[in-house]
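Q: Below is a structure I'd like to ask you about.
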Amino acid sequence: MCGPIQGNTGELMEIKAIIFDLDDTLIADESVSRMAFEEVGTKAARFGVKKGEFVRDCQTLAHGLWTSGPCYAYCESIGISAFECLWGQFSDEQEELQKLRSWAIPFREAVFSGALRQQSSKISHSHSVGSELSEEFGKARRKFQKLMPSAKEVLACLYPHYRLGMLTNGAPSLQREKIAASGLEPFFQAITISGEKGIGKPMAEIFFQLVAELDTLPSEVIMVGNSKERDIAGACNAGIRSVWLRAFESGDLQPQPQAEISALRELPALVMEMNAFSS
């Protein structure tokens, strides 16, 4: 467990800044990807495939091809998922992201055409149909984008009283696209994206860079995120208190945060309580 973070005096410091994760913390990610797969599955059903099995095969193929692909190590270090490779444009200048953009196009076609072939060997022109369905996935994934419950209201509540930062793993172009679609950017004094820095959560250095931009100290910051592996572990590495938004992961995973919430709406009261405890 990552224990209480204390200042130089040994006392808990007042919280002056709050850093938020993006995906599945402020905006929905996994659920929206599932919705996009479902929509593509509905369109694929006209070719005689079973929707549920097609969706399952698409997801299995995506993970398999992604983990065995030439860009996997980089994607893991920066925090780009298999499903993001199915719809991100990756219009970035970084050499590794240019490589990813070139690889992602045939990857998408291979996922959807491969799922078609697994469902029915009688489907003709599966490559062209797979390309068409991959485009449909990207359109659906953008169409269904949505905020996590109470995200905007919570940020509006906290914004006048704390310095707010965002720390998100991923490709700059894709994460900036998500942020723009969310409408949340005006609430943040600083936003850091791993692909712009060349390092990602849970590395401590990327936390230190954002803390400096917020003109505060690690002991005066809390990190709010849904991933223990990335957000909570990274905060622990950087000497930052953390609040885990428990959603998809098991609570048994290490490290343990200083606090947990089941919904964002619980955060303002929790921060006030943490500050009262530190005074």
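Q: Taking the number of other C-beta atoms within 10 Å as the exposure measure, put 216, 192, 168, 67 in order starting with the fewest.
A: With the sparsest Cβ surroundings first, the list reads 67, 216, 192, 168.
Q: Step through the residues of the range 213-218 one at a time and calculate ³J(HN,Hα) from phi using the Karplus curve (6.51 cos²θ - 1.76 cosθ + 1.60, θ = phi - 60°), rounding each to whole Hz and writing x for Gly and Pro.
A: Listing the rounded values in order: 5, 7, 6, 9, 10, x Hz.
Q: Describe numerically, in nm with one decimal, the distance between label points set 7 Å from Cα along Cα→Cβ at residue 30 and at residue 260.
A: 1.5 nm
Q: Exactly which GluC sites (Glu not before Pro) in the range 44-123 are in a DSSP loop and have at most 11 other Cβ atoms within 10 Å?
A: 93
Q: Please compute, over every Cα-Cα pair in the chain, the percentage with a separation greater than 30 angstrom. Don't skip to the answer; put the middle values down first.
A: On the way: 13174 of 38781 pairs.
So the pairs more than 30 Å apart make up 34 percent of the total in the chain.
Q: Treating cross-link reach as a plain straight distance, find the lysines whose alpha-carbon is under 18 Å from the alpha-carbon of residue 143, omitting any fewer than eight places away in the same chain.
A: 43, 178
Q: Next up: Sort 71, 236 so the one with the fewest other Cβ atoms within 10 Å of its own Cβ comes first.
A: Ascending Cβ contact count within 10 Å gives the list 71, 236.
Q: Please figure out what share of the DSSP beta bridges in the chain is antiparallel and state it in percent, rounded to the nearest 5.
A: Counting DSSP beta bridges with both partners in the chain, the antiparallel share is about 5 percent.
Q: Could you tell me which of 63, 256, 75 has its Cα farthest along the dipole of the chain towards the positive end, charges placed at Cβ (Lys, Arg +1; Asp, Glu -1), taken about the Cα centre?
A: Of 63, 256, 75, it is 63.
Q: Which of rounded, prolate or oblate describes the range 181-279 when judged by the alpha-carbon gyration tensor and an a/c cut-off of 1.5?
A: Taking the square roots of the gyration eigenvalues as a ≥ b ≥ c, the range 181-279 is rounded.
Q: Give, rounded to the nearest 20 debye, the magnitude of the charge dipole that the range 30-143 has about its Cα centre when Lys and Arg contribute +1 at Cβ and Asp and Glu contribute -1 at Cβ. Mind dumping the intermediate values first?
A: Working: 15 positive and 15 negative charges, 127 e Å.
Around 600 debye, computed over the range 30-143.
Q: Figure the gain on full extension for residue 153 and residue 68 (residue separation times 0.36 nm, minus the Cα-Cα span) and round it to one decimal in nm.
A: Numbers: separation 85, 0.36 × 85 = 30.60 nm, distance 4.11 nm.
26.5 nm is the gain from fully extending residue 153 to residue 68.
Q: Which residue fluctuates most in the GNM of the chain (Cα springs below 10 Å): 173, 120, 242?
A: 120
Q: For the range 30-143, what's the relative contact order in percent, using C-alpha pairs closer than 8 Å and at least 6 residues apart?
A: Contact order relative to length: 35 percent.
Q: Under a crude label model (7 Å from the Cα following the beta-carbon direction), how far is residue 42 from residue 208 in nanometres?
A: Computed distance between label sites residue 42 and residue 208 equals 5.0 nm.
Q: Further question: Taking H placed 1.01 Å from N in the peptide plane, check which residues at least 5 places from residue 241 or on another chain put their amide H under 5 Å from its amide H.
A: 221, 223
A short reminder: the numbers here are calculations on the coordinates, not readings from a lab. None of these values were measured; they are calculated from a predicted model. Cβ atoms come from the backbone with ideal geometry, glycine included; neighbour counts cover every protein chain shown.
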